[in-house]
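Written out below as C-alpha cells is the structure these notes cover.
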C-alpha cells in the first residue's frame with residue numbers, strides 16, 4: 001500500500017523547515033541511509049526554494065502544494081505552484097560555474113534524484129522528483 | 001539559525017548554529033561580511049550546522065570572494081557530514097580552505 005503525505009504551505013521560507021522534516025522522516029521510514037535521507041531532503045528543499053524565488057518572485061503569500069508518495073520501489077515528490085513558468089534554460093542540465101553565486105539548486109536536484117520532470121498544468125506548474133528505492137532484502141524481483 | 005562572533009587568540013570566529021536555508025542565509029551573510037570588515041582572517045565554525053542548502057553555500061562563497069578581493073582569509077572548520085555533502089554536490093570542496101578543528105585553524109593561521 002502506498003503512503004501519501006500532502007503539504008499545502010505558503011511560499012514563505014519559514015515553511016521550508018517543516019516540509020524538510022516531513023520529507024526526511026519519510027525517507028528514513030523507507031530505510032534510506034542517513035546520507036540519502038539528507039540528499040532527498042535537500043533536493044526537495046532546493047525545488048521549493050526555486051518556486052519561491054523564481055515562480056513566485058519572492059512573494060511569500062502564495063500557495064505551494066507538495067505531494068510526497070512512497071511506493072514500494074520509489075519515493076515521488078510532486079510540487080505544484082501557481083506562479084510563472086520556469087525558464088527552460090534553468091531546468092536544463094548545465095555545467096557548474098566555480099564562481100557563480102546562484103544556479104546550484106537545479107544541479108543539486110538533478111544530481112540527487114533519479115527522475116526530474118516538469119509539466120505545465122492548467123493553472124500552474126508541476127515538478128515531479130523521483131528517487132528510486134533500493135530493493136528490499138527478501139523482496140521478490 | 002544563530003550566528004555569534006567571538007575571538008580566540010586573535011582569531012575572529014563566527015559560530016553558526018541551526019538551519020541555513022533560503023530564509024536564514026541573508027542574515028548569516030550579513031553577519032559574516034560585517035565581521036570580515038574588521039579583521040584579516042575570519043573563521044566560520046560550522047560544527048553545529050544542522051542543515052545547509054545552496055543559498056547557504058552561496059553565502060559562504062560570497063564571503064570568500066569578498067575576503068579574496070580585500071586580500072584577507074576566510075576559512076571553514078568543524079564541517080558536519082551534511083555540510084560536507086552539500087559542498088561536494090556543488091563541487092566547492094576544493095574552493096574553500098577547510099580545517100577539522102578550531103585548534104587546526106589557529107595553528108595554520110596564527111601559528112599558535
Exposure proxy ranking, count of Cβ atoms within 10 Å, fewest first, for B:96, B:74: B:96, B:74
Give me the inter-chain shielding for A:34-45: mean count of other chain Cβ atoms within 10 Å, whole number please. 3
Per residue of A:48-55, how many C-beta atoms from partner chains lie within 10 Å of its own C-beta, taken as a mean? 2
Using 1/(1 + (r/R0)^6) with R0 = 25 angstrom and r between the beta carbons of residue B:7 and residue B:95, what's the FRET efficiency to the nearest 0.05? 0.45
Taking Cα atoms only, helix B:54-69 is inclined relative to the longest principal axis of chain B by an angle, in degrees rounded to 10, of 30 degrees
Expressed in nm to one decimal, what extension gain is obtained for the pair residue A:62 and residue A:136 from 0.36 nm per residue of sequence separation less their Cα-Cα distance? 22.7 nm
Run lengths n ≥ 4 of DSSP H only: what is the helix-derived mean residue ellipticity at 222 nm for chain A, with -39500 (n - 2.57) per run over all residues, to the nearest 500? -9500 deg cm²/dmol
Between A:111, A:58, A:89, which gets the highest mean-square fluctuation from a Gaussian network model of chain A, Cα cutoff 10 Å? A:89
Given the -39500 (n - 2.57) contribution per DSSP H run of 4+ residues, what per-residue ellipticity at 222 nm results for chain B, rounded to the nearest 500 deg cm²/dmol? -12500 deg cm²/dmol
What translational D, rounded to a whole number of µm²/s, comes out for the protein assembly as shown from Stokes-Einstein when the hydrodynamic radius is the Kirkwood one over Cα pairs, at 37 °C and 0.692 mPa s? 171 µm²/s
Among DSSP beta bridges whose residues both lie in the stretch B:2-106, state the antiparallel percentage, nearest 5. 30 percent
As a percent rounded to 5, the proportion of antiparallel DSSP bridges among beta bridges in the protein assembly as shown is 70 percent
Residue of A:121, A:48, A:26 that the Gaussian network model of chain A assigns the largest fluctuation, springs spanning Cα pairs under 10 Å: A:121
Folded to 0 to 90 degrees: helix B:25-37 orientation relative to chain B principal axis, Cα: 10 degrees
Taking only Cα atoms of the stretch B:2-106, what ratio of Rg to Rh do you get with Rh as the Kirkwood inverse-distance radius? 0.91
Average partner chain C-beta neighbours within 10 Å, per residue of B:51-63? 5
Taking neighbour counts of Cβ atoms within 10 Å as a proxy for exposure, in what order, fewest first, do A:46, A:35 appear? A:35, A:46
On a 0 to 90 degree scale, rounded to 10, what angle separates helix A:16-29 from the longest Cα axis of chain A? 20 degrees
Averaging sequence separations of C-alpha pairs under 8 Å and six or more residues apart, then dividing by the length of chain B, give the relative contact order as a whole percent. 25 percent
Using a Gaussian network model on chain B with a 10 Å cutoff between Cα atoms, which of B:61, B:46, B:22 fluctuates the most? B:22
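FYI, it's all coordinate maths here, none of it is from the lab. What you see is a predicted model, and the numbers here were worked out from it, not measured in a lab. Here the Cβ is made from the backbone with ideal geometry for all residues, glycine too, and neighbour counts use every protein chain on show.
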